[in-house]
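The values are calculated or read from the model by the stated rules, or taken from the named source; none is laboratory data. On a predicted model such as this, the values are computed, not experimentally measured, just so you know. FYI the Cβ positions are ideal-geometry reconstructions off the backbone, even for glycines, and counts take in every protein chain you see.
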Amino acid sequence: MLHSRDWAPRWWRRVDGIEHPHGSAKPLARGWGATAGAFLLVASYCLTGDARAVGGAPIQAEVEAQVDAGDFRGAEERIDAALAAADIDADTTRALQFERERMRRIRLDFPLTEAEARQKLRERIPDLRDDEFAGWKRSNQLEHLVIDGQPYYFNRSVSNLFRISPEAATRLSKPIVRNDGPMESANAYHAEAVRDAQESGKSSVAPRRVRVTQSIVVNADAVPAGETVRAWIPYPRALPGQQENIRFADSVPARHQIAPESTLQRTVYLEKPAQAGKPTEFSITYDLTVFGQVNRIDPAKVTALGRRPDLAPYLGERAPHIVFSDDIRRFSREVVGDETNPYRIAQKLYAAVDRIPWAGAREYSTLTNISDYALHAGHADCGQQTLLLMTLLRLNGIPTRWQSGMVYSDGKYDNLHDWGWFYLAPYGWVPMDVTTGQFKDAKDPSIEWFYLGGLDAYRIAFNDDYGTDLVPAKRHFRSETVDSQRGEVEWAGGNLYFDQWDYGFEAQVLQ
C-alpha cells in the first residue's frame, strides 16, 4: 500500500461517496496477521533497540511506552518533570519534545469519539446492531486507541472496516466504488514487459519517458507574513537500468538547491517568504525515463549467499522498524516450514504478507515498530507490508532494502507507494512489490509473480532508504519520519505538519 498516509484532503481522496484508496483490497488474512487481537499498544509491544527495556530505561523510553499505552496524561506529566530537571541533555530534550508532538499527531489520526464512530458507521449500515459494533470494536477491526481511559477511533476506521471484514462488507447499504490503481491487475503493460524481456534477454524493459510537476501549497497564514518558508520537494536519483536521463526543467521560485545524487532521500530545496492572506506555493518540473523490471528467476539456479560482507547491512535487524521479535520468528516458522531454497522462501513469505488485508494507514511517525504493527494489526498498507516482508526475509538470510516514491497513470491516477528489493544469488538485487501482490487470475503464468522480481515503469523512486536525512537538513521535526514522498515544510518557528499544507503530483507520459 499501495498506501495512503496524507492528511486531508489528499489523505483520504474521497469525493461524493467514492473512495480513492492507495491500493487494492486483499483477502482477509489468516493466522497471525488476522488473529493477533486488538492492537492497544503496550510498552512491551514497542520497546526495541538499545536501552529500550523497561527497568532502568532512559526517560524517553519510559515516556514512549506511556504514549503507546495511551497514558497521555501520565506522559505529559513525565515530560514536564523531566524537562524541568537541570541535568537533562539536548538529545533527551528533543526526544521528549517529539513524544509530545507524537501525541498531538495521534490525536489528529484518532479524532472520533465512540458516538461519532457509531454515527459514521450507521451512515453506511442504517440498521447497525449494537452487538455488531461491539464485535468489530472488540476485534479492533474498527481501529481505535484507548487514550486516558476513553476509546478514540481512527479517522479511517469506518471505511477500513469494509476492507478488513467481509462480514461488514455484506452489510453495506450500497457498495463502495474504489479507484484502485491501474497496475493492480494484470494488463497489457505487464504482457509487454514480459515479452520485451523474453525477446531482448534484458531485465530493464518497456521504458516510459515521463514529465512530472510536483508542488507544495502552504495554507494562507500558516506562517506569519514576511517569515521564510522552507520546502523540500522529493526528486529522483539516477538509478541505472531503473530511472535515467533526468532533466530538471523549472522551479517556482526559480532559485533552488538539488540534493546531491548520493542523497538516499533526494529532494529539491526551495525558500519563499510568506504573504498575509495568501498561500505559499512551490513547484518543480522535470523529465526522466523509467524502465520496467523483469527478472526471469529459475528457482533451481538460485544458490546460497555465502560470505558476502558487502550485504551484511541488508541482513540484520535495524531498530525500531526491523526487529526479529519472538512473534516475527514464530510467524516465519509457520510460513516457511522446512523450505531451504531462498526464492521459494521468498515466495512463501511474499504470499503470506500479501494475504494481510490492505487498509488506510495512520501516520508512520506515530508508530514505534512498523513491521510489528503490520503483523498484529490485522491489516497494513504498502509501507507496513514492505517493512514486514523485509524483516521476514532478513530473518531468513535474504538481504533486503527499501524503496518508495509515487505511482501514476498518465494524468489519470497518482499515489504514494512503497516497495522493496531483495538479493538472490546469482541474479543480484531484484524488486518486490508485495502490496500489488500476486496476479492469481493472470492467464499467463509468467505474470502471476510479476511483482516478485519485477516492477512496472509507472512509478518514480524518490527514496532508496528509510529514516535518512534530507539535504539540506531540517532544523525541526520531520512530518514523515520514514521516507519522503509528499515533501517537508518548516519555518523558523517549527515544522509545518500535513494539516497545514497540501501537495500535488502530475505525470504525463511523453511520446
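Numbers at a glance
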{"quantity": "Filter result for Val489 (outside any loop (DSSP other than H, G, I, E, B), assigned by TED's automatic domain parsing to the domain that holds Gln243, over 15 Å from the mean Cα position of the chain (by Cα) and buried (at least 16 other Cβ atoms within 10 Å of the Cβ))", "calculated": "yes"}
{"quantity": "Long-range neighbours under 9 Å by Cβ, at least six apart or interchain, first residue in a loop (DSSP other than H, G, I, E, B) within the range 395-411, second buried (at least 18 other Cβ atoms within 10 Å of the Cβ) and of a type in the set (D, E, K, R)", "calculated": "Asp410/Arg208"}
{"quantity": "Condition check for Asp127: assigned to a loop (DSSP other than H, G, I, E, B) and either buried (at least 20 other Cβ atoms within 10 Å of the Cβ) or more than 20 Å from the chain's Cα centre (by Cα) (or both)", "calculated": "yes"}
{"quantity": "Residues (among the β-branched types (Val, Ile, Thr) and outside any loop (DSSP other than H, G, I, E, B)) located in the range 456-483", "calculated": "Ile460"}
{"quantity": "Test: residue in the range 90-108 that is exposed (fewer than 13 other Cβ atoms within 10 Å of the Cβ) and either in contact with a Leu (Cβ under 6 Å, 6 or more places away or on another chain) or outside any helix (DSSP H, G or I) (or both)", "calculated": "no"}
{"quantity": "From the options Arg178, Arg171, Arg195, Arg163, residue that is within 22 Å of Lys440 (Cβ to Cβ) and either over 23 Å from the mean Cα position of the chain (by Cα) or in the same structural domain as Ala361 (by TED's automatic domain parsing) (or both)", "calculated": "Arg195"}
{"quantity": "Residue list for the range 242-263, restricted to those being closer than 30 Å to Val205 by Cβ, surrounded by 12 or more Cβ atoms within 10 Å (Cβ to Cβ) and of a type outside the set (S, T, N, Q)", "calculated": "Glu244, Ile246, Phe248, Ile258, Ala259"}
{"quantity": "Filter result (within 19 Å of Val434 (Cα to Cα) and crowded, with 18+ Cβ neighbours inside 10 Å) within the range 324-346", "calculated": "Ile328, Phe331, Ser332, Val335, Val336, Pro342, Tyr343, Ile345, Ala346"}
